[in-house]
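Worksheet: the structure to be examined is printed underneath.
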Amino acid sequence: MTIFFGYAAERRSATETIRTAAIRIGEESGVTPVLWEDMLVDGTVVISEVLRAIDDAEMCIFDLTDQTENVLFEAGYAVARAKPVWLTFDSTVSKAKASWKELALLNVIGYTAYRNSNDLAEQFANVNPLATLAPIYDALIEPSLDEGIVRDSLLYCLTFEPFEASNRLSLFLNSRRDRGLNMKVSDPRESTLDPLTWFAPNILKSAGVLVHFAGPHRNRASLHNRRHAFVAGMAYGFDVPILMLAEGEYTAPFDYQSLLYKYETAEECVAIARNWLDSLAYEEINWSSPRGSHRSSLSGIRFGEHVAENELLDLPDYFVETAAFESVVSARDTLFVGHRGTGKTANATQAFNQVSANKTNLAVLIKPPGFEFAGLFAVIAKLPEAQKDYFLDSLWRFVIQTEIAASVLARIESKSVYVPHEDAEEQFLSYTKSVSFDLRSDMSIRVEQALNHLVATLNPIQDTAEATRNLINEAFHANTLAELRGHLGPLLKDKKRVAVFVDNLDKGWEKGADFRLVARLIIGLLTARGQLVRDFEKQDFWRDRIKLSLAIFLRSDIFDYLQKEAREPDKLPIATITWRDPETLLGVIENRFTAGDTKDRALRLLWENYFCQEVEGVPTRAYITSVVLPRPRDIVYFCNEAVGRAIDRHHSRVEPADFLSAEETYSQYAYEALLVENGITIPEMEDALLGFLDSPEIITREEIFASFNTAGLSSETHEYVLKKLVSVSFLGLEIRHGVFTYPDVGSSMKKAYAQAAKIFASPEQQRFRINRAFHAFLGITRNGNIDRPT
């Protein structure tokens, strides 16, 4: 009988502690300790020997004091191999607990803190994990799996920053998804913290797992590389084909250096991925656990994916139609604004599906990240200042009009060969053969060709403004598009509606981007929208009237910045996507519950049988809506996490302790999401948030500014950062004595500030409330009552 010990080799004092404790544990328990150092062959470690030792061990002990990727890979492998896993760290190391909390992925497993080798050995003797510790696989993973698993998808774990290779890899995989690849994505920018209960089932449903590691110089690379290492170990332990890619600067740990491919260029990165992807076999394999572990009564409870992009096929089964959705479907030429996770992509996708289901309509869904923003902005930089707005307007008119044409072409070509083409269709097909751009190709290819043409002919030093405008017109085929407009008329004049939905505009909103330029790009879309709608409304001898509408979906923080750049921000047509009504928000999980695959899906079972009645003396429904930000992504994440905690503890329903434990993980998820969404334009955001550590729930403006000073923020930024924290719902404004609100961007924000200004004579005394969603992570002291913010 053996116990495998995994630990970092960086610090001699740490290895000495583990080795000494291992020897004592072996002597006192009668087992043989196996240390990876004992497997050194000519100064190197053979990975196969390490993994074989884990397979042969009765249990595994992993020390995560230093959290090296080696040890996390081994731990993930051991979890997948259904080994009892005991996690430890040295509490005398100042950053050990903070690193554990930051990693978060293993919170459901728990840890044992120790101070020295004697302390570790004594805790082992007292706990006796050899006899009491159940495998994480049996306790948490197997009970959450479906009865039969089909390996028919790809799991893609991407980097936090979309640097060149990462961006091109994502574009390549998204193009495969558009062609039918079933792909689930763990995107740290979209879902900052996917839990273990999400990763395990999705790994087991995958024909392959692609993990991308960033170089050490990239933002937040350390955290996400560590999480990726654990996931990669799990995939390897589950015998799922895995591709690990890394930048050339990445130092590959010995455990998987033979399994990892390094690349030097983005082209090489994509080529490796393409070859591997083409080698995968998407087979229908019924996979089941050989261990026959206990299956919880909660095992069939599913609330779906918290990221809409990962559930587009299932979304229609439980999509909640709100007033915002009705506006999306019916409104003309509207800009829909919402925070990350409020359902912009879900609304765009479902509206597209609903409108296109009516054959008297034509619906077009545009996702601009098909072209590379870096190349686009490089072209803009070469243009005279006076021509940049004209260029952006022309760009969007080219994109929208050719995408409409591409949809028309697809419809014509999908007709049965036995159905003859109408005269207008034949003329349109002839037109498509004569133009210099291919309507059958991706939008990104058409845009790239136009940009390349412009770069090849543009000389900003010699060309006049008129000449530059002519080159822009030539690059974007202005004359050809006018001809296209004439051909579209007979084909679309009888359509009740030609609806264009534009989503994913935030993909260019990344750290290091020229935000003013990105803002001008989006404003260019708004300008083009108005011109296209007016143009399509016209009817004369060469064109027919077409009923065109454009719905544009934009993140709130981007819109907030956009208002500063727009010439007439008050004239922007705005509809805000919000979930302030708690019953509507609860409907998100209720619809997902009743759409699940368990035998009895009466809604009352959720609240009467599967969820406890109260949490901390508050009805469970009110508790849930009080602890999460009012967004579908957040409530789905939280409820999935709570069910996972209950399954882990073999509970027959989700108990109060399970909810409170899930609240801790969710709080970190909400915190990291806030940083991802807003830390881009406000570099001080993380420092500002950490300044609230251990603060009271209700805090004055004067106290907030004092915390900013402690965090190192300059006084010039205080007011701006404070307003930003209000706009992202981190802080609520006191609008009446004891009543706080978390307003949305736009008129509700102005109203809230006006109400707040009337309460206190001195602005310094104005009070704010820290949102409950962030309390657990930041250690906020609550007032003792739970109520739902307005």
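The values are calculated or read from the model by the stated rules, or taken from the named source; none is laboratory data. None of these values were measured; they are calculated from a predicted model. All Cβ positions, even for glycine, are placed from backbone atoms using ideal geometry, and neighbour counts span all protein chains on display. The accessibility values were calculated without ligands, DNA or RNA, using every heavy atom of the protein model including side chains. Shrake-Rupley method; radii C 1.70, N 1.55, O 1.52, S 1.80 Å.
The figures follow:
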item	result
Selection count where residues are more than 20 Å from the chain's Cα centre (by Cα) and open to solvent by less than 10 Å² (accessible area, probe 1.4 Å), scope the stretch 226-237	4
Checklist (1) out of contact with any strand residue (DSSP E or B) (no Cβ under 8 Å at 6 or more places or on another chain); (2) open to solvent by less than 10 Å² (accessible area, probe 1.4 Å); (3) farther than 30 Å from Arg469 by Cβ; (4) not basic (Lys, Arg) applied to Leu392, failing item	(3)
Helices (runs of 4 or more DSSP H) fully within the stretch 441-503 counting 3 or more residues that are of a type in the set (Asp, Glu)	none
Hits in the stretch 199-234 (condition: over 15 Å from Met183 (Cβ atoms), in contact with a helix residue (DSSP H, G or I) (Cβ under 8 Å, 6 or more places away or on another chain) and of a type in the set (A, V, I, L, M))	Ala200, Ala214, Leu223, Ala229, Val231, Ala232, Met234
Of residues in the stretch 540-556 being charged (D, E, K, R) and open to solvent by less than 60 Å² (accessible area, probe 1.4 Å), the one farthest from Ser330 (Cα to Cα)	Arg543
Of all residues in the stretch 673-714 being open to solvent by less than 10 Å² (accessible area, probe 1.4 Å) and among the charged types (D, E, K, R), the one that is modelled with the highest pLDDT	Glu697
First in the stretch 612-627 and free of Cβ contacts under 8 Å to residues at least 24 places away in the same chain, second anywhere and among the hydrophobic types (A, V, I, L, M, F, W, C) and assigned to a loop (DSSP other than H, G, I, E, B), Cβ under 8 Å, 6 or more apart	none
Leu451 vs. criteria open to solvent by 10 Å² or more (accessible area, probe 1.4 Å), hydrophobic (A, V, I, L, M, F, W, C), closer than 30 Å to Asp187 by Cα and out of contact with any strand residue (DSSP E or B) (no Cβ under 9 Å at 6 or more places or on another chain)	yes
Index of the failed condition, Arg645 passing every other in (1) in a helix (DSSP H, G or I); (2) at pLDDT 90 or above; (3) surrounded by 16 or more Cβ atoms within 10 Å (Cβ to Cβ)	(2)
Total residues in the stretch 303-332, condition among the acidic types (Asp, Glu) and either open to solvent by less than 30 Å² (accessible area, probe 1.4 Å) or under 23 Å from Ala670 (Cα atoms) (or both)	3
Scan of the stretch 80-95 for residues that are open to solvent by less than 30 Å² (accessible area, probe 1.4 Å), more than 25 Å from the chain's Cα centre (by Cα) and not charged (D, E, K, R), ordered by number	Ala82, Pro84, Val85, Trp86, Leu87, Thr88, Phe89
Residue in the stretch 96-116 that is assigned to a strand (DSSP E or B), of a type outside the set (Lys, Arg) and open to solvent by 30 Å² or more (accessible area, probe 1.4 Å) present	yes
Subset tally (residues that are over 17 Å from Leu488 (Cα atoms), open to solvent by 20 Å² or more (accessible area, probe 1.4 Å) and not in a helix (DSSP H, G or I)) for the stretch 509-539	5
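Conditions tested, residue by residue: (1) in a helix (DSSP H, G or I); (2) basic (Lys, Arg); (3) at positive phi; (4) touching a helix residue (DSSP H, G or I) at 6+ places or on another chain (Cβ under 7 Å).
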position: Ile635; (1), (2), (3), (4): yes, no, no, yes
position: Ser652; (1), (2), (3), (4): no, no, no, no
position: Glu664; (1), (2), (3), (4): yes, no, no, yes
position: Lys723; (1), (2), (3), (4): yes, yes, no, no
